[in-house]
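Peer 1: Right, I'll just put the structure down here and ask away after.
The values are calculated or read from the model by the stated rules, or taken from the named source; none is laboratory data. Being a predicted model, the structure only gives us computed values, none of them experimental. Cβ placement follows ideal geometry from the backbone for every residue including glycine, while neighbour counts extend to all protein chains displayed.
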Amino acid sequence: MKVMKAKDLKNRTGEALRLVRQGEKVMITVHGKPGAILSPAESIHLPEEQTKPEESGKEIEEALKRSKPPFRSWKEAMNWSRRKR
């Protein structure tokens, strides 16, 4: 397992992510003490809904139908929220 200071993570995030994508775990230390561990997503069990973003869209669609908002779809709502004002 590679160990990386929090400051190094800030400056070399790309390197840390490359290591993790290659299957290695990276421990992040804060003031010399373990603070977090970055690990590949495949190494932990994620609930099904967290691995499929399109499923979240379906849940949002259902919530929009129940609440009768001014938007017809989650895409329309997202576009509205991201527009420059």
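Peer 1: Do you know which residues across segment 19-32 are more than 11 Å from MET4 (Cα to Cα) and outside any loop (DSSP other than H, G, I, E, B)?
Peer 2: Result: LEU19, VAL20, ARG21.
Peer 1: From the list GLU76, GLU62, GLU55, GLU48, which one is at pLDDT below 75, surrounded by 10 or more Cβ atoms within 10 Å (Cβ to Cβ) and either closer than 30 Å to GLY23 by Cα or of a type outside the set (A, V, I, L, M, F, W, C) (or both)?
Peer 2: From the options GLU76, GLU62, GLU55, GLU48, the qualifying one is GLU55.
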